[in-house]
Structure formats: structure tokens, C-alpha cells
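Just below is one structure, and these are the notes that go with it.
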Amino acid sequence: MTALAVRLRFARTGYGKVGLAGSLLLLALIAVGPLLAPYDPSAIAGLPLQHASRQFPLGTDGLGRDVLSRVLWGGRSIVGLSVLATSLAYAAGASIGLLAGYTKSILDPLLMRAMDVLLAVPPLLFLLVLATGAGRSIPVLVLGVATVHVPSIARIVRASTQEVATHGYVEAAVARGERLPALLGREILPNVLGTVLADAGIRLTASILILASVNFLGLGLQPPAADWALMISENRGGIALNSLAVAAPALLIAFLTISVNLVADAVARSLGTSTDRKRVAR
Amino acid sequence: MNEHALAVDDLRIELVSGEPVVEDVSFRVGHGEVLGLVGESGSGKTTTALALLGYARPGVRIANGTIDVAGTRISGLSEAQVRRYRGRLISYVPQDPAAALNPSVRVGDQVGNMLERSSEKEAHVDDAFELVQLPTARDFRRRFPHQLSGGQQQRVAIAAALVCKPAVVLMDEPTTGLDVVTQANLLAQVRRLQRELGFAIVYVSHDLAVVASIADRIVVMYAGRVVEDGPAARVLSEPQHPYSLGLIASVPDPREPRVLRSIPGVAVGVGERPPGCPFAPRCPQRIAACEESDPRLERTGGDRLVRCLEWRRTPTLAPEWRAPSGALPSRPASLLAVEELRAEHRGRGDAVVACSGVSFAIAQGECVALVGESGSGKTTIARCVAGLHAPARGRVLLDGAALAPLAAGRTPDARRRIQIVFQNPYDSLNPRHRVAQSIARPAQALRGYSRKAAEHAVADLLERVRLPARLATRFPGELSGGERQRVAVARALAADPDLIVCDEITSALDVSVQAAVLELLADLRAELGLALLLITHDLGVVSSVADRVLVLDQGVVCEQGAVRSLLASPEHAYTQRLVAAAPTLSVR
Amino acid sequence: MTATELEAPELVLVDVPSRRRRHPLVGFVLRRVAAGIATLFVVSILLFAGTNVLPGDVASAVLGRDSTPAGLAQIRKELDLNRPASERYWSWLSGFVQGDLGSSVASQAVSGEPTPISGLIGDRIRNTATLALCTVLLLVPLSIFFGVLSATRAGSPVDHAVTGISLGLISLPEFVTGTLLVLLLAQWLGLLPAVSLIAIGASVFTHPSILVLPVLTLLAASLAQTTRMVRAGMLEVLRSDYVEWARLSGHRERDVVFRYALRNALAPTVQVIALNVQWLVGGIVVTEYVFGYPGIGQALVQAVSARDVPYVLSVGMLIAIVYIALNVLADLLVVLLVPKLRTAQ
Ligand code: SF4
């Protein structure tokens, strides 16, 4: 079987297909949405809290901005920042795990104890503390979310590296005197990659969840940014007058997280690792 | 009606897709008889055995056939109906008791749960424990499986299988993973129990030598069919099917060093069976008719059956003794010398001594074997030689010059001259590299070949290890276990070494594949003048390949000498036990 | 000599100590608790560093635009910002372990008086505990029920329904579930109160209906998660060699599932549930905020918004204590449930 076939196998499961279709649809919406937006998302376009009308298909928010335009703009931050945070987490976590797993130096226990401590702090609490100390800004938010993932990624990569390092082909490479970069790059990394990427999707979902939550609490992105989570938070007060201003972004977030998670789950399954067990094993 | 303990007729088991796994299987087991069901991996022996309990693993189903146990028909019943007979009429001893015993149930209860609730339950469990010579103390029965040794765990499983006094006991490779001495004890005990209690046994195994020590009758399976069926002694001494013959010729014998003969080709898997005789592609005596018609299991007289059109032409078994190569002239300069080696494993806190005071030398072109059971330190010694483990004390010398403890500190030339091949064929090759890449790398790294030159060398090397050149572009995942080990040998040869360290390189292979790899090693020695350091637990392998042998017991060399004389008359008590326990085809 | 004539030297018992120590677990418990305390200590440093040392002048952040030089100096003095960080850390920690949680700066900015944090959080902790307890009491039996149900019927329509629904619910953030529940039940159907409009001092017991939506919200994600994991654990056990052997030994299917499989699936299940209770810690903060529920989580978010450093620090530490305690507790339970771990000293 070719590698491509393995990679695409996830799409064969029913849920995987639904998830893939949903994710692509949303990505398209997020990409072209701003072009379709009838109004400037932060411009006051009419009276506050109007019902849906021909002029404002989803009504207006508490400041009189067009909800549809804000919805069309509001997916970029959530997807973009989550992808960024997850990638950063992988870059850092994989490097730490690879080094700690292969070099049996003092580095390993040191790094792992540090990771233990990070794991002992609830992720949301960590982000709240960060927001208190370092203020609310996009870099703080992204770095914070990335940091939350680093310990578990490092652990998985480390365990997998340690396992691969006992294999005959790695020992054969050691016995013929290959240097560290060649050992890590040629022999170990390619064989660790599968395990590592198996739950990338799940981590992306987790990033979206926590990023959106922090934004919703008002501790991440700040007004007047158009962001789905922030919109829910802003428009809750007017829920009785224009419930669509809350319902639309809420449903979109639900649609996004469910689609991404369906794909993530199917990918993990096709790579032979059950997501459930991953989480049990932490 | 009730003349057989077990009668199987026309059994067919297929994948859910309809592809046959086992077909046209029929055999009988008399009361108090031990039947050895023999086959290599993929032969369908375990699938057949499980079917005797009316059980099929997920993905396969029993499509046809009748099974009678002591006159009771247990085929064609519903799961709930057949369950009443399991354990009572026919019981099962699993392959790996460590996994099959429930980790959170006390061992006494695991046996007791087989019985109905009754006041005598305790007494019955007691009896069963006593039968298999386990302590009957209450304290012992209250232990959990992990608190028992491997041999004891298997005895508990046997006690559970016997406690309801079944007519037939099915044993599925029950000695896998046990040391030879433990295995010999267990086999002796099973045989004794069987004589005392008179139950019949179906003993499933890939190991002909083990089966030879216990079975009255042997059924050989190949590609999901019975190919030969007859009294054990006769089948072993004068096999009538060419596959049985090949299998017997592949089994190394610890007492009589003989030349191994492998069966050419590879076993066919489910779904790739050719029309006609499934053995035809590998058969030396096939005729045109073999590829057209499917031979039937035919009675050949003397209570024997064989499935072969040309069985009369099957040659007689003619073992060929190995020429005694012990006549090595005294060579002053040895290639490799190990002096007073001591190695430790550092766990948490204190260090565990893997071996100590080990000294030996290997001359150019010589094959020295290190023999020992698991935990004897033999693999650690191999790793010290290859520079993968730093010794705590002692030296490794190459041509009289001391080597650095770890490979990274050795000269490229020293690294080139000593190569190592590992035990597990499934992790000895990088799954992301093509065969050609794996083989070419040492030539580039250690001999300074250019990429082009190294790739050119690949075809030669593949030929050296008797593999077709087209495998060069494959990934390891597309190769069989035997093919992978050959590629690993080719990778070692690519460095143009003087010595290859072979760490249990055949222990994960089927016996006919093992014979082929051992044959290859012997040929390479003759062609290239290679020296070999052979690490193994199998005295049979030693006797078929090695010149000299060192016996290790818990990290210390307890005896060493020329293979022939050492195996013929061991002096140390431990070696004697080992030699006595090693299964063999030669004496029955 | 053939194999039959061998003596059996292997029959000697392996070295399992016959006299067991009285409490083989005590050592383990002590070690685990000690490790937990050590972790907490490091976490306290982390929290302190996160709130105090990172860039950004806390004093001006607290007062915002209305800061006057005198006010700033006052706050700085109150927070001891002029002393080195290590000294401040020690005085905070030594106060904390003696029950002095410090004073809230934000409330001081409002009232002019330093308010002790311990006086502000009593009722809130009780409310939050009520919410958490209600959720867990529903979560545990429901997740075991659904998990075992779908594992024993793997591949059936029931299983598909359970896995499908849980896969969907698992990926919803609490604030989305909460918002959608409000829209559906309170806004469109008008069945329940949308927000918890009770005075902070009043008990949730006098208004039990305000618990419904928060509990449902918390249950949605955590139940989905635990059900899936219980199912996976159970499936793994059902596929094990010992379950196959139990079937081959003729045990009844009911016995196989309940006596053989479930007992072994229990330990991972406990672990999973403990893990989820830990995750509830995060979920509760968001959920309380969504519904304006007068708990400690809501207060924490407000404190973060106001950058009330002492409040965030002390409450954060309390949350970390609960989190780590749960972790230790789960480990101990698992050791009790798995004979192999229990009998190892
Ligand atoms: S039937 Fe023909 S091919 Fe098959 S074993 Fe006999 S001789 Fe060989």
C-alpha cells in the first residue's frame, strides 16, 4: 500500500468524510468570507440590536454593527491562532522530546520534571495567571496555548523515541558510528513522526477550544476585534432582543470544532492509535 | 460410536469474506492418545485447534465440518450450548499463561471458577493443584498470577484445564517463552498426568522436536490442510510427504551435528494458495499433474495418511553429518579477544551484574557460540563486542589492539570489521528506508564508497544472501521475516567485515526459514572466511553451525570447548541439565 | 536420559515474601503524597512568577486610567512592590500555609479598605463545590453505564449512537454548549432561568433550579469524554487473552463480562474519571462565567480582568491544590484496584 493511501484512509470512514467536508466548507467560508461581507465589521452600520432584516440578515449587535459581516470576518482569528499555537507547540515539544528521549544525559530528568510541573497546572488556570501577569495580547495568548501542549507532546515524542532507539536499525547505526544529527534525522525522527502526528488533529481541536474559551472570558482578543467567541460574549446581554447575534457564532464554533474533531479522530484511527487510549495514557 | 476421544471430519474454516483458512481437515484422536498438531506459522494449526472448542476468532468462521468429543457432537451448536462442554468435555491450555490468566483473580479462584458451586469445590481445587505439583497451601492459592513464575503460571492453567476431568485437553504451544529446562519438566509432567488420568491431548506446536518428545501420533499441516498423519515415530523417521521431510531436515539437533537442509521458497498465505497442490511451488518432486488437481489425503498403509500424488517418490530421510571442523590448527593470533569482561546494567540505584570474568577468543574464520538461557548475560556480551554497551571491567581486543568501549570512540576501520545482526527481524531494518538504502549505508559510511558505488554494490550483496535483486526497491514492511534477516545480513556484509556478531538472529523465525538462514551463514563462512560470534539459547543451532561453544550460567562461563565433545559429554552440572533438556528428534 | 527422567528443580517457590509487611501500601502513599507536595511547591513558584515577575506594571494595571501618583505609590506599598520578588514570595507563601490568603487589591481600589480574601471566597467555594459534586454524582454512574453498554455491544446501532453523539459533544467548548442550552431552553422554550440571579451570600440550595443548566453544560463534554474512555478500556479488556481463555473455559458470557472483564477495566476507568474531574476544574470556571453562577470560578475571571494579583494568586493556588490532590487520590485508588500494583511494595 502506498503512503498516500495510508494517509487518505481516514477519509473512508463515515465520520471522517463528514468531518472533512465540514472542515473544508468552513475553511472556504473563512477564506472568502471577508470578501462577501456587506459591511466593515467594526463600522456602526445601523441601530443597535435590530432583528434580522433584508438589510441586516443576522441583525445588528449592541453597538449597531452588522452581525453577518462580523461573523464572516470572525473565523480567521480562531482558526489562524489555533493553528499557529499548535505548530509552535509541536516544534518545541518534538525537539524537547527527541533530545530528552535520545540523550540519556541530565537533560532528560530535568526536562521531564519541568514538564511534570506544567502538567500539574490546569491549562485554563495557567492562561488566566498569564493574563494577570503579562496582560492580554495576541502573542501572550498564542504562546500560552502553545505552552499548554508542550509537556504532553514532549512526553509522547520522548517515549516513542526511547522505544525506537532500542530497535536494531538504530543500534546498527550507532555501531557503525553515525553522528547524532544523522541518527536523529535519518533513523529516529521518520519513525517517530507517525505517532506524533497521529494526535495533531486532536491537539488542534484542543487549541481551538481553549483559545475560544479565553477569548470568550474576555481575557484574550480585545474589542473591537471580530471573533466568534468574543461575539458570543459581547452579545449575550442582548440575547433577548437579537438572539441570532449569539446563535450564529455559537453554531459556527460548534460546527468548526465538531468537524475538525471528526477528522482528527478518523486520522488517529487510521494511523492505528485510538484517541481514547491516548488520553487515558496521557 | 464412542471409540475415539475426538473425531474431526471435513472441517472448513474461512474468513468472513469466504476465503478458506482451513479446509478439508479430518483426523481422529484415540482415548488416552497424544496427538501432535504440527505446522509453521500460517498453516492454520491454531485456528483448527480453537475450532475444536467451537470457537473462531473475530474475522473467521467455522463454515463446515463435524466435531465429536467422546461421542458428543459439539459442532453446529449455538455459542450458549457449546459453552457447556468447554472445560468439561474438552478444555484448553493457552499459549501464553502470563496473558491468559486474569490478572485480578486469585489463582485458586481461577481454577475454582471452572467448577459448579459445591461444598467440595475447595477439595477439588486442592486436588488439581496437587496433580500439577503446585503447593496446596491456602496462601499459595490466594496469590495473583503475577506472583508466580512462568512455569507455575502454566501449571495453574493446566490445573484449570484438568479440574473438570475432560476427555480431551487442547494445548496450544504451552511451553512458548519457557526456558528449556522448565519446558522439559512441564512436558514430562504433562505426559505423566496423561498416563495417570487417561485423557487425550491435542498438542499444537511449531516445534517438531518438542512434539517428538510427547506425541503418539503426528498430524502435519501446511496451508490449511493436513498433509500427513501417522504414528509419531514412523512419521519422524520415514516421512512420506515432501513437506514433512523438508521440515524434519530443517530441525537442528543438539546431539548430532548435522547439515541442515532448508525448504526452498516461502510458505503460501491465506488467499494466495495456488490451484492444485499448495506445496507445488516448493516441491522438488512435483509433476505436471500436481498443479492441476488437488491431491486427496490418501491411506498408505500402516495407519498412515498422506496428501501427495507422488508420495512413493519421496526420498528417505538421510541426515548428513557435519564434517568436524574442530580440527582448527593452533593459530597464535586470534582475530578478536575478550578479556575478563564484566558488564553491568544500571537500573535505579544499584547495578545488576550481567556478566563477569568472561574471556574468550575468536580466530579468523571461526564460529564461536555463546549459549545460555534468558538472563544469562549473553546478549550483553555481544553488545560489548559491538560497542553498544560499555563494559564495567575488562577489554575487547581486535588483532591484539584494545578497542574503545563504545562504537563512537572506535576507529572507522574497527567499526567496519565488526558488524552485528539483531534478533528481531521486525525492528532490525528502518521501516522508512528501502532495502537498497539500508544496505548501501554501511558501504558509504564505513568504506567511503560514493553513493553510486554503494548502490552498485547492493545487487551483489543481495545475491550473496540469495535474495532477488528486485527486492532492492522494497520497504521492509513488504518482506517476510526470513527475508528481512537476510537483508540485515547483507547490510552487515556491505561493510566487508571480518566478524559478524549474530544475536539470536533466527529465534523469531520458523524452523524451515531458520534452516535457510543458518545454511546461508555456513556458506558465507566458506566463501568469505568470516568469523562469527553466535548468540543463542538453542543447542541445536550451536551444534549445526558453531566450532566452539561457551556455556553461560548467570553471567559466568561455566564450561567451554569444541562443540562436538562438549555436547556429547558435558561436564558441568548446568551444561548437563541443559543438554538433557534440549528437545531432540534423534532419540525417542 | 530423556526429558521424562529429569527431576523438577523448578518447583521451589519463587521468592515471594511469605510474611507480608503489615501495610505494604503505607510507603507508597507517603511517597506519593510527598511528591504531590513537592509539585505544589514548584507550582506555587510558577504561579507567583506568572503573576508577579512577568512584564507589566501591576500597580498601574490595577488602577487603570484613574491612576494618580499617590494612588500608585499606595498600591505599590500595599503590594510590597518595592521589596525583592523572592522576599515577597516567601512572605506570601508563609502566610498562605497559615491560612492568610492576603488582601484583594481590586476591592480595595473600590472601597479604599484592604479586604481579606478569605472572607470573600467562603460562600463561593461552597457554591462551586455543590456544582462540582452534582456533576460528578451524575457523571460517574452514567459514564460507566454508557461505556460498558457500548463496549459490550460494539458495532451495534446502540454503540454507533453512543460513539457518534459523544464524538460530537466532546469537541464543544463549555461556553458554546452553555450558550446553545440557554438559547434553546431559556430563550426559545422559556423553561429555565438563563442566568443565576441570586445574591452572592444566598445559597444555591434555596434556588436549585439555577443548577440545572450549569450541570448539564458540564456534563455534556465530560460525560462524552469519560464514556468514550470507559468504552475503550472495556474493549481492550474484552479483546485480551484472558477473556478469550475465560470464554474457551466455558464461562457464561455474563460472568465473562462482569467477573472477568469489568474488574480489570475498573482501574483505567477510575483513572479516566479522575482525569475528567480534573478537567472539570477548567470547565467550571467557564461555565460559572457563562451563567453568572456565584462560584469561585466566576470570581477568578473577574479578578483576572481587574488584574487583582493577590486574589488570582491565592485562588489559583487553591485550585492547584484541589487539582493535584485529585491526581494523587486517583493514583492511590488505581493502586488499590490493581493487584499487581497493590502487592508490589
Ligand atoms: S502433490 Fe505433487 S507438488 Fe504436491 S507434494 Fe506431492 S509431489 Fe509435491
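The values are calculated or read from the model by the stated rules, or taken from the named source; none is laboratory data. What you see is a predicted model, and the numbers here were worked out from it, not measured in a lab. Backbone-built Cβ (ideal geometry, glycine too); neighbour counts: all protein chains shown. Just so you know, the surface numbers come from the protein's heavy atoms only, side chains and all, with ligands and any DNA or RNA stripped out. Shrake-Rupley method; radii C 1.70, N 1.55, O 1.52, S 1.80 Å.
A few notes on this one:
- Filter result for B:Glu196 (more than 26 Å from B:Ala100 (Cα to Cα) and among the charged types (D, E, K, R)): yes
- Some residue of segment A:115-135 being under 30 Å from A:Val170 (Cα atoms) and either free of Cβ contacts under 8 Å to residues at least 60 places away in the same chain or assigned to a loop (DSSP other than H, G, I, E, B) (or both): yes
- Scanning segment B:71-84 for residues that are assigned to a loop (DSSP other than H, G, I, E, B) and either at pLDDT 90 or above or open to solvent by less than 10 Å² (accessible area, probe 1.4 Å) (or both) turns up just one, B:Ile74.
- Being open to solvent by less than 10 Å² (accessible area, probe 1.4 Å), within 12 Å of another protein chain (Cβ to nearest Cβ) and touching a Phe, Trp or Tyr at 6+ places or on another chain (Cβ under 9 Å) is true of C:Thr226.
- For segment B:227-255, the tally of residues that are open to solvent by 10 Å² or more (accessible area, probe 1.4 Å), more than 16 Å from the ligand (Cβ to nearest atom) and either within 14 Å of another protein chain (Cβ to nearest Cβ) or in a helix (DSSP H, G or I) (or both) stands at 5.
- Within segment C:285-315, being within 8 Å of chain A (Cβ to nearest Cβ), out of contact with any Ser or Thr (no Cβ under 8 Å at 6 or more places or on another chain) and in contact (Cβ under 8 Å) with a residue 12 or more places away in the chain holds for C:Val285, C:Tyr289, C:Leu300, C:Val301.
- Look at segment B:276-297: where a residue is free of Cβ contacts under 8 Å to residues at least 12 places away in the same chain and a partner is within 7 Å of the ligand (Cβ to nearest atom) and in a helix (DSSP H, G or I), sitting 6+ places away or on another chain with Cβ atoms under 7 Å, you get B:Ala280/B:Cys290.
- In segment C:234-288, residue surrounded by the fewest Cβ atoms within 10 Å (Cβ to Cβ) [restricted to those that are small (Gly, Ala, Ser) and closer than 23 Å to B:Pro97 by Cβ]: C:Ser240
- Residue within segment B:87-106 that is assigned to a helix (DSSP H, G or I), more than 10 Å from every other protein chain (Cβ to nearest Cβ), open to solvent by 40 Å² or more (accessible area, probe 1.4 Å) and within 22 Å of C:Pro339 (Cβ to Cβ) present: no
- Looking only at residues in segment A:149-176 that are in a helix (DSSP H, G or I) and of a type in the set (Ser, Thr, Tyr), the one that is farthest from B:His389 (Cα to Cα) is A:Ser152.
- Evaluation of C:Ser60 against (1) modelled with pLDDT under 65; (2) part of a helix (DSSP H, G or I); (3) within 30 Å of B:Gln147 (Cα to Cα) (one fails), failing number: (3)
- Total residues in segment B:294-320, condition in a loop (DSSP other than H, G, I, E, B), within 16 Å of B:Glu238 (Cβ to Cβ) and either within 14 Å of another protein chain (Cβ to nearest Cβ) or within 12 Å of the ligand (Cβ to nearest atom) (or both): 4
- Hey, B:Ala488 in contact (Cβ under 8 Å) with a residue 12 or more places away in the chain and touching a strand residue (DSSP E or B) at 6+ places or on another chain (Cβ under 9 Å) or not: yes
- Each residue in segment C:69-99 was checked for being open to solvent by 60 Å² or more (accessible area, probe 1.4 Å), at pLDDT below 80 and under 14 Å from C:Pro310 (Cα atoms), and 3 pass.
- Subset of segment B:194-204 (residues that are away from every other protein chain (no Cβ under 12 Å) and either surrounded by fewer than 24 Cβ atoms within 10 Å (Cβ to Cβ) or of a type in the set (Val, Ile, Thr) (or both)): B:Glu196, B:Leu197, B:Gly198, B:Phe199, B:Ile201, B:Val202, B:Val204
- Among the residues making up segment A:25-64, a single one is crowded, with 18+ Cβ neighbours inside 10 Å, touching a residue at least 60 places away in the same chain (Cβ under 8 Å) and among the small types (Gly, Ala, Ser): A:Gly59.
- Qualifying residue in segment B:137-153 (condition: within 10 Å of chain C (Cβ to nearest Cβ), in contact with a strand residue (DSSP E or B) (Cβ under 9 Å, 6 or more places away or on another chain) and buried (at least 23 other Cβ atoms within 10 Å of the Cβ)): no
- Take the conditions (1) under 29 Å from the mean Cα position of the chain (by Cα); (2) within 11 Å of the ligand (Cβ to nearest atom); B:Arg258 misses just one of them, which is (2).
- Boolean, C:Val204 is open to solvent by less than 20 Å² (accessible area, probe 1.4 Å), over 19 Å from C:His160 (Cβ atoms) and modelled with pLDDT under 85: yes
- Contact map, segment C:329-343: first residue over 19 Å from C:Gly36 (Cα atoms) and facing chain B (nearest Cβ under 7 Å), second residue at pLDDT 85 or above and in a helix (DSSP H, G or I), Cβ cut-off under 6 Å, separation 6 or more or different chains; pairs are C:Lys340/B:His146.
Each row is one residue, and each column tells you yes or no for (1) outside any helix (DSSP H, G or I); (2) open to solvent by less than 20 Å² (accessible area, probe 1.4 Å); (3) on the phi < 0 side of the Ramachandran plot; (4) β-branched (Val, Ile, Thr).
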{"position": "B:Leu520", "(1), (2), (3), (4)": "no, yes, yes, no"}
{"position": "B:Val542", "(1), (2), (3), (4)": "no, yes, yes, yes"}
{"position": "B:Gln560", "(1), (2), (3), (4)": "yes, no, yes, no"}
{"position": "B:Leu567", "(1), (2), (3), (4)": "no, yes, yes, no"}
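Residue-wise test of (1) touching a residue at least 12 places away in the same chain (Cβ under 8 Å); (2) away from chain A (no Cβ under 14 Å).
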| site | (1), (2) |
| --- | --- |
| B:Ala337 | yes, yes |
| B:Glu344 | yes, yes |
| B:Ala351 | yes, yes |
| B:Ile362 | yes, yes |
| B:Ala390 | yes, no |
| B:Pro405 | yes, no |
| B:Thr411 | no, no |
| B:Arg416 | yes, no |
| B:Pro425 | yes, no |
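- Residue selection: B:Asp172 satisfies the criterion of being within 11 Å of another protein chain (Cβ to nearest Cβ), modelled with pLDDT of 90 or more and surrounded by fewer than 23 Cβ atoms within 10 Å (Cβ to Cβ).
- Subset of segment A:151-183 [of a type in the set (Val, Ile, Thr) and open to solvent by less than 20 Å² (accessible area, probe 1.4 Å)]: A:Ile153, A:Val157, A:Thr161, A:Val164, A:Val170
- Which listed residue is within 12 Å of the ligand (Cβ to nearest atom), in a helix (DSSP H, G or I) and outside the structural domain of B:Ala515 (by TED's automatic domain parsing), from B:Cys277, B:Cys290: B:Cys290
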